Amino acid sequence: MERKLKDGTVLVNKWPNKKKSAFSMTFDDGFQAHYTHVRSILNTYGFKGTFYINPKTINKRINNFEDTDERYAYWDQLAKMAREGHEIASHSFSHPHLNEMPIGDEKTRGTLLYELYESKRIIEEKIPNYNCINIAYPYGFHNSQLDEYISKYYEAARSAGNTPNSSSPSEEEFLDLNSKLILWRKTREKPEDDLKKLKRFIRWIKKESISTEKWAILVAHEVLPFSKLSTTDSFEPTSNEWLIGLCEWLKNASERDEIWVDTVANVTKYIKERDYFDYAIKTKSMNELKITIKTTFDPLIYNFPLTIEIIVPESWHSVELSYNGQKEIKKPYRRDNQTYITTNVIPHDRLLTLKQNK
Ligand SMILES: [Zn+2]
């Protein structure tokens, strides 16, 4: 569950707040339905999703309706979703087969570097104060030569694959994150048919991800009310009913601490901060403990709170914790003959001070 470091004073938890596994919901291709249906479903349950978009097909609010394809979202809708905590990520600029493109350069359309750079640049221009750090390969296709370029622009990249991800992916694996696609039958007569598939998917999450403390990623495309599925010819559309059923189960599973539901970007940040976490003990006495938390990555990107546990003297019954100008009173607890407090810290170069609170 947790990793011991150096002298063992600080432990870092595998997943935040004692959760057992991680789960991300991702939605591809920038559909209008992601704003209309997915956003409202996720917001009802307080979950954040990752939306992989192609800037080329996203609509602008202009008075020229000829250029608008109503199947796709608008930039102001995506900006609003980002403000709510959802992740707007790159799915390349125009959804080509990236592995078949010439490398080219950032300014030349029809080249790999343009697709990687321009999609990120436009997202960051359209959404103020936002870092786009994650991409999904169109059609899931990529190769190791491509990965080298991907890592220049992105911290993580999602592809296909029917197994959950390790709780500590290597740098290579971060450029090849697996995601599970639900394949629907040709005939879906009633919402109950979809719910049978949901039961199977939940069994898969429990067996393949929760029991092994891994990170599972779902990939979905257009999401519509079951009654509207026959009106679209899009790839493997999901029903609102199925997604609501999933969120209902996820809500209970997260309340039981079995699963942490968050965006691909946030899970990526947590894992990298956790796996490269470092600290130094400044002072250690019976009355005071001073620890310097160290930054390993760009602090503008890696700003997700990390759950740590700190061993304090057994005689401390209440602890005053100061970090980053904030003070908190913590109640220590006993485990394995040690006394601990737990807290969430953004691991930037700062001093964490613990004092016995008398
Ligand atoms: Zn796609």
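Name the residues in the stretch 323-358 that are open to solvent by 30 Å² or more (accessible area, probe 1.4 Å) and closer than 30 Å to ALA265 by Cβ, would you?
Restricting attention to the stretch 323-358, the residues satisfying the condition of being open to solvent by 30 Å² or more (accessible area, probe 1.4 Å) are 324-331, 333-338, 342, 344, 346, 349-351, 355-358.
If the condition is that a residue be open to solvent by 30 Å² or more (accessible area, probe 1.4 Å) and closer than 30 Å to ALA265 by Cβ, then ASN324, GLY325, GLN326, LYS327, GLU328, LYS330, THR342, ASN344, ILE346, ASP349, ARG350, LEU351 are the ones that fit.
The sole residue among ILE150, ILE182 that is within 19 Å of VAL223 (Cβ to Cβ) and either within 16 Å of the ligand (Cβ to nearest atom) or open to solvent by less than 20 Å² (accessible area, probe 1.4 Å) (or both) is ILE182.
When LEU289, LEU300 are screened for being open to solvent by less than 50 Å² (accessible area, probe 1.4 Å) and at negative phi, only LEU289 passes. Checked against the criterion of being within 16 Å of the ligand (Cβ to nearest atom) and either surrounded by fewer than 20 Cβ atoms within 10 Å (Cβ to Cβ) or assigned by TED's automatic domain parsing to the domain that holds PHE27 (or both), the candidates PRO237, PRO225 yield just one match: PRO237. The set of residues from the stretch 169-223 being touching a residue at least 60 places away in the same chain (Cβ under 8 Å), part of a helix (DSSP H, G or I) and under 22 Å from LEU42 (Cβ atoms) comprises ILE205, SER209, ILE210.
Any residue that is aliphatic (A, V, I, L, M) and within 28 Å of SER90 (Cα to Cα) - is there at least one of those in the stretch 270-291? Write out each step before concluding.
If we filter the stretch 270-291 for residues that are aliphatic (A, V, I, L, M), which is where we start, we get 271, 280-281, 286, 289, 291.
Applying the additional criterion that residues be within 28 Å of SER90 (Cα to Cα) yields 271.
There is at least one residue in the stretch 270-291 that is aliphatic (A, V, I, L, M) and within 28 Å of SER90 (Cα to Cα).
If you check ASN17, ASN13, ASN43, ASN54 for being among the polar types (S, T, N, Q) and free of Cβ contacts under 8 Å to residues at least 60 places away in the same chain, only one passes: ASN43. Residues in the stretch 25-46 that are closer than 18 Å to ILE217 by Cβ, out of contact with any helix residue (DSSP H, G or I) (no Cβ under 6 Å at 6 or more places or on another chain) and away from the ligand (no atom under 16 Å from the Cβ): LEU42 alone.
Among residues of the stretch 107-130 that are touching a residue at least 40 places away in the same chain (Cβ under 8 Å), those with a Cβ under 9 angstrom from a residue that is open to solvent by less than 70 Å² (accessible area, probe 1.4 Å) and among the charged types (D, E, K, R), sequence gap 6+ or separate chain, pair up as GLU118/GLU106; TYR130/GLU124.
Considering the stretch 58-74 alone, what residues qualify as being of a type outside the set (Lys, Arg) and either within 14 Å of HIS34 (Cα to Cα) or at pLDDT 95 or above (or both)? Walk me through it before giving the result.
First pass over the stretch 58-74, keeping only residues of a type outside the set (Lys, Arg): 58-59, 62-70, 72-74.
If the condition is that a residue be of a type outside the set (Lys, Arg) and either within 14 Å of HIS34 (Cα to Cα) or at pLDDT 95 or above (or both), then ILE58, ASN59, GLU70, TYR72, ALA73, TYR74 are the ones that fit.
Determine whether ARG158 is modelled with pLDDT of 95 or more, crowded, with 17+ Cβ neighbours inside 10 Å and either at positive phi or touching a Ser or Thr at 6+ places or on another chain (Cβ under 8 Å) (or both). Taking the combined requirement at face value, the residue satisfies it. Only one of the listed residues (LYS251, LYS269, LYS282) is farther than 18 Å from ILE210 by Cβ, basic (Lys, Arg) and not in a strand (DSSP E or B). That residue is LYS269.
Here is the figure for the stretch 88-123: residues that are open to solvent by less than 60 Å² (accessible area, probe 1.4 Å) and more than 16 Å from the ligand (Cβ to nearest atom) total 12. Among the conditions (1) touching a residue at least 24 places away in the same chain (Cβ under 8 Å); (2) open to solvent by 50 Å² or more (accessible area, probe 1.4 Å), the only one that LEU306 does not satisfy is (2). Considering each residue of the stretch 210-222 in turn, at least one proves to be farther than 28 Å from LYS19 by Cβ, out of contact with any Asp or Glu (no Cβ under 7 Å at 6 or more places or on another chain) and within 16 Å of the ligand (Cβ to nearest atom).
The values are calculated or read from the model by the stated rules, or taken from the named source; none is laboratory data. In this text, all values refer to a predicted model and were calculated from it rather than measured experimentally. Ideal geometry is used to build each Cβ from the backbone, glycine not excepted, and the neighbour counts take in all protein chains shown. These area figures cover heavy atoms from the full protein model, side chains too; ligands, DNA and RNA do not enter into them. Shrake-Rupley method; radii C 1.70, N 1.55, O 1.52, S 1.80 Å.
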